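In what follows, a structure is listed as structure tokens, so that the remarks can point back to it.
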Amino acid sequence: MATWRRDGRLTGSQRLLCAGLAGSLSLSLTAPLELATVLAQVGVVRGRARGPWAAGLRVWRTEGPRALWKGNAVACLRLFPCSAVQLAAYRKFVVLFTDDLGHISQWHSIMAGSLAGMVSTIVTYPTDLIKTRLIVQNMLEPSYRGIFHAFSTIYQQEGFLAFYRGVSLTVLGAVPFSAGSLLVYMNLEKIWNGPRDRFSLFQNFANVCLAAAVTQTLSFPFDTVKRKMQIVPYFGVMFSTFEFCKRICLYQNGYIMSPLSYKLTPGVDQSLKPQELRELKKFFKTGQLKSKKPTL
């Protein structure tokens, strides 16, 4: 059995912000590798030298270093709606499968993760297609001048259904990928024999490398080479950044003494929600002001 619990010390906007910043940083750092593997998959490279490295080198020489980050802007923009949809869907499915005691079985958590991955993939798939189109095009002779121009051009020339071309295989690949990553993440406390909130940055990086290995094995038949090459550095950076951003928010909310050490602030009830803690601080501050009345 596994217990579904959410860190109530963070607000919903803080969680979404942490996820967005972590995803944007990891995408930006691994964008050249993503571009090279996509070009190698679609067969853009000609000649004897083929593969991701040949594709990346060709883009560098013909279009310049900036071209290695083609499509990264739309990939970063889609993170916020994708994360929001997946988290919201996962919470709904978890509530649906949770018993009266607040417990959820491993198989139900897998099902919830799979369904949430399918929902977020379907909702945000058009942006993934746009990203691929921007990656494949030549920056010296571009077919699309930007994200919105690509949307309008594809819609006018190819129709609405073109945005969901190849979505079925992508959805099938998202099922084992989302389910496996969530399953591993929920069992990390058993692996390290300690609470997840106290993991160090090294432990977080090791955790996502393990999760990446498991999920990639499960989703390999659907996603092939592209994600296999990108997965470990991408998720390593993403989850490490997410945990660091989370600690910064916890520091701002008054729960810990430092984002670097994760030492709890003495005397602070860790079960209080951010709003409750702020109200409590106001109460004590008001009480201190009232106690300092002038005396005759």
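Would you check which residues across the range 236-270 are in contact (Cβ under 8 Å) with a residue 12 or more places away in the chain and on the phi > 0 side of the Ramachandran plot and list them?
Gly254, Tyr262
Within the range 93-109, count every residue that is without any contact (Cβ under 8 Å) to a residue 24 or more places away in the chain and in a helix (DSSP H, G or I).
6
State the number of residues belonging to the range 110-142 that are among the charged types (D, E, K, R) and either under 16 Å from the mean Cα position of the chain (by Cα) or outside any helix (DSSP H, G or I) (or both).
2
Restricting to the range 254-269, count the residues that are crowded, with 20+ Cβ neighbours inside 10 Å and of a type outside the set (Ser, Thr, Tyr).
Count: 1.
Just a yes or no: is a residue in the range 38-61 over 17 Å from the mean Cα position of the chain (by Cα), aliphatic (A, V, I, L, M), under 30 Å from Ile248 (Cβ atoms) and modelled with pLDDT of 80 or more?
No, the range 38-61 contains no residue that is over 17 Å from the mean Cα position of the chain (by Cα), aliphatic (A, V, I, L, M), under 30 Å from Ile248 (Cβ atoms) and modelled with pLDDT of 80 or more.
Which residue pairs have Cβ atoms under 8 Å apart, sit 6 or more places apart or on different chains, and have a first residue in the range 15-34 that is more than 18 Å from Gln252 (Cα to Cα) and a second that is surrounded by fewer than 19 Cβ atoms within 10 Å (Cβ to Cβ) and among the small types (Gly, Ala, Ser)?
From the range 15-34, no pairs qualify.
Which residue is most open to solvent (accessible area, probe 1.4 Å), if the candidates are limited to the range 55-74 and must be of a type outside the set (D, E, K, R) and within 18 Å of Phe148 (Cα to Cα)?
My answer is Trp69.
Working only within the range 137-151, note down all residues that are under 16 Å from Tyr125 (Cα atoms) and open to solvent by less than 100 Å² (accessible area, probe 1.4 Å).
Ile147, Ala150, Phe151
Looking at Ala89 and the list (1) within 29 Å of Val38 (Cβ to Cβ); (2) open to solvent by 20 Å² or more (accessible area, probe 1.4 Å); (3) touching a residue at least 24 places away in the same chain (Cβ under 8 Å), which single condition is not satisfied?
(2)
Failed condition for Glu276, given (1) open to solvent by less than 70 Å² (accessible area, probe 1.4 Å); (2) under 29 Å from the mean Cα position of the chain (by Cα), with all others met?
Single failed check for Glu276: (1).
The values are calculated or read from the model by the stated rules, or taken from the named source; none is laboratory data. What you are looking at is a predicted structure, and each value in this text was computed from that prediction instead of being measured. Cβ: placed from backbone, ideal geometry, glycine included. Neighbour counts: every protein chain shown. Keep in mind that these areas ignore ligands, DNA and RNA; they rest on the heavy atoms of the full protein, side chains included. Shrake-Rupley method; radii C 1.70, N 1.55, O 1.52, S 1.80 Å.
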